[in-house]
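The block underneath contains the structure these notes are about, expressed in structure tokens.
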Amino acid sequence: MRLWPTLSALPVLVLLAFPAAGAEVLPASDETLATAFSAIQERALNPVEIGPLAFDGLKALATIDPAIEVEKTSSHRIGLEHAGRLVAQYPVPNLNDTDGWASLTLRLTQAAKRVSPLVRDAGDEQIRMAVLDAALSHLDRFSRYAPPGEADEQRANRNGFGGIGVRLEPHENDVTLTEVLPNTPASKAHLKAGDHILAVDGKPVGGLTQETVSRLLRGPVSSTIQLTVRRPDQQQASVISLVRDHIAPPTVRLDAPQDGISTIALTGFTESSDDEMFHALSSLSGKTELKGLVLDLRGNPGGLLDKAVNIADLFMAEGRIVSTKGRHPDSLQTYNAQAGDLGEKIPLVVLVDGRTASAAEILAAALQDSGRAVIIGSNSYGKGTVQTVLTLPNKAELTLTWSRYYAPSGYSLHDLGVLPTLCSEGAKTPEEGTSLLHSLDDPQTPLPASLAAWRVVPVEQIELRKRLRQSCPAENRLSDAASDHFDQTLARQLLADQRLYAKALALGAMRKMQNLEADTTSSP
């Protein structure tokens, strides 16, 4: 049974922030910063003090105008200097007074605008970006601020958007379609890759950026759009009218079975990914000759955690999928599989590489630990943290790392990743494939000992984690055609040999379920 947790229970959240009833409504820029500072204080993975972060954010005004300098003029006051001249100073708020630091930021930036043309011309959004980028740099590399335009694009990538379903390449005189997605308004209008778009709703698109053209093509679902199109084999252009639909770029690609084995490439985790996977498995369920499935997660950067959980559940009848732990109560989550799905009995091999990250690693680790899949490839990326996404009052997004996730056997994937059962790092030739398969019959194979160390190393032992990763160094297996072909061939050979597949499955599976709560009592 697939899991459909409510939004409030998800480790990856999209929240709208509004002031509490009866609270003072601050100016827009102040309210945005106050909301961001409060979120950092309450939700960041490790405890933080807002004062030092906000102060460094203020000092980042120098990135806009090097003549600006923000310094403490005393233990109780912060001053603004321009070209060496003190122009303003303000009281220092209490260390964790988020509203106070947001108000100070507003007042100080207004003072900076009065004396600096560069700050004045930069505008509120660039100032906000400078402040928040500097503040967030104290947390981790995954916590970031996305201004409204970029945030709109991120939301569209997660949830889909109103559009026509094309990918394009801009040119000086027109835009060329590079792909037309199936079952979209564009495909129904018989548009094809290679067609040239000259104008959208009468507006010429030649010379425009890809982002600008994409904004023109997008709009409310059920709204009408007119394209001026010239086919490659035609001299004259024609005007085509389309009705926009909800577009969710596909993340699942199913290859037809060959010799009873099929491949599904999963490129990310968006709102539709679990439905796409369900439909792909449904299309295979009637094929009685299906001997196995290769799930290709190489190059998959991750995405929505709950979708990874749902897809894992499609292949698992029982057991832990993942647990998450952070400071905030909502970050404490445990997800278990339930029986009754299409993929639970299909022999499964999962391909990973150094660009398999985040939610993709959660899926791979769950399938390996539970004994449902053999992992082939190189060590994965090692992103073991969960981000919460907060929609700010200015419609920007604040992404904060707020928890770590733990595989079913209890280990944190952070800076460690998933260790393949069969490490193909550096391997390309048929002889190397044969050697890897024969290693499964070697009673001295080091894999069980390697996995045992992998699953017990504490998250704080960073250097040991780095050394363990070198047992199968991360590699981009898709960057080279020979490596790509090698992984696919090895997966098919293993699935075709039931005896060796069973051995590999047993080697990778955890021997017993560990107590996750006991194993993760150290700092999150």
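Structure notes:
- Sorting 355-368, 112-125 by their mean Cβ neighbour count within 10 Å, with the most densely packed peptide first, gives 355-368, 112-125.
- Cα centroid separation - the range 162-234 against the range 88-139, whole Å: 41 Å
- Given their separation in residues at 0.36 nm each and the Cα-Cα distance between them, K395 and A88 gain 107.4 nm when the chain is fully extended.
- Working from label points 7 Å from Cα in the Cα-to-Cβ sense, the T429 to N159 distance is 5.4 nm.
- Crossing angle, helix 273-285 versus the chain [Cα axis fit, 0-90 degrees, rounded to tens]: 10 degrees
- Think of each Lys and Arg Cβ as +1 and each Asp and Glu Cβ as -1; about the Cα centre, that makes the dipole of the chain roughly 240 debye.
- For the chain: rounded, prolate or oblate by the Cα gyration tensor [a/c cutoff 1.5]: oblate
- Taking the longest Cα principal axis of the chain as reference, the axis of helix 359-369 is set at about 30 degrees.
- For the range 195-200, 3J(HN,Hα) per residue [Karplus equation, 6.51 cos²θ - 1.76 cosθ + 1.60, θ = phi - 60°, Hz, x = Gly/Pro]: 5, 10, 9, 9, 7, 10
- Farthest toward the positive end of the dipole of the chain, out of S331, A60, G194, is the Cα of S331, where the dipole comes from beta carbon charges about the Cα centre.
- Counting neighbouring beta carbons within 10 Å and listing from fewest to most, the residues S74, S479, S403 come out as S74, S479, S403.
- Under 5 Å from the amide H of S358 lie the amide H atoms of G382, K383, each residue being 5 or more positions distant or on a separate chain, with H modelled from the backbone and absent for Pro and chain starts.
- Ascending count of other beta-carbon atoms within 10 Å, so fewest first, for L86, L290: L86, L290
- Estimated FRET transfer efficiency (D275, L332; beta-carbon r; R0 22 Å; 0.05): 0.20
- Cα gyration tensor shape of the range 175-223, rounded if a/c is under 1.5, else prolate or oblate by comparing a/b with b/c: oblate
- FRET E, pair D140, Q235, Förster distance 45 Å, beta-carbon r, rounded to 0.05: 0.20
- Residues with amide H under 5 Å from that of V87, placed H, sequence gap 5 or more: L80, E81, H82
- Candidate cross-link partners of K466 among the aspartates and glutamates, defined by an alpha-carbon separation under 19 Å and a same-chain spacing of 8 or more, comprise D140, D353, E361, D415, E425, E475.
- Under 28 Å from K345, Cα to Cα: lysines that are on another chain or at least 8 residues apart: K287, K291, K307, K503, K512
- Residues of type lysines that K113 reaches as a straight line, Cα spacing below 27 Å, ignoring anything fewer than 8 places off in the same chain: K59, K72, K395
- Amide H contacts for G319 (H built 1.01 Å from N in the peptide plane; partners 5 or more residues away or on another chain; cut-off under 5 Å): A337.
- For the pair the range 377-405 and the range 414-441, the centres of their Cα atoms are 30 angstrom apart.
- Per-residue [θ]222 nm for the chain (sum of -39500 (n - 2.57) over DSSP H runs n ≥ 4, rounded to 500): -10500 deg cm²/dmol
- Placing +1 on the Cβ of every Lys and Arg and -1 on the Cβ of every Asp and Glu, with nothing else charged, gives the range 161-247 a dipole about its Cα centre of roughly 220 debye.
- Förster radius 60 Å - calculated FRET efficiency between A193 and D442, Cβ distance, rounded to 0.05: 0.75
- The angle between the Cα long axis of helix 498-508 and the main principal axis of the chain comes to about 40°, on a 0 to 90 degree scale.
- With the highest mean first, a sort of the peptides 305-317, 45-57, 225-237, 340-352 on other beta-carbon atoms found within 10 angstrom per residue produces 305-317, 340-352, 45-57, 225-237.
- Cα-based shape type of the range 13-142, given that a ≥ b ≥ c are square roots of the gyration tensor eigenvalues and the cut on a/c is 1.5: prolate
- Take every pair of alpha-carbon atoms less than 8 Å apart whose residues are at least six positions apart; their mean separation over the length of the range 161-247 yields a relative contact order of 34 percent.
- Of all beta bridges that DSSP places with both ends in the chain, some 75 percent have antiparallel geometry.
- Under the Karplus curve 6.51 cos²θ - 1.76 cosθ + 1.60, θ = phi - 60°, whole-Hz ³J(HN,Hα) for the range 55-68, x wherever Gly or Pro sits: 4, 5, x, 5, 5, 6, 4, 5, 6, 8, 9, x, 6, 7
- For the range 164-179, putting each phi into the Karplus relation 6.51 cos²θ - 1.76 cosθ + 1.60 with θ = phi - 60° gives couplings of 10, x, 9, 10, 9, 9, x, 9, 5, 10, 6, 10, 9, 6, 9, 7 Hz, in residue order, rounded to whole numbers and with x for Gly and Pro.
The numbers here are math on the coordinates, done by the rules we state, and not lab data. Treat the numbers as computed from the prediction; the structure is a model and nothing was measured. Because the Cβ atoms are built from the backbone with ideal geometry, glycine has one as well, and the counts that use them run over all protein chains shown.
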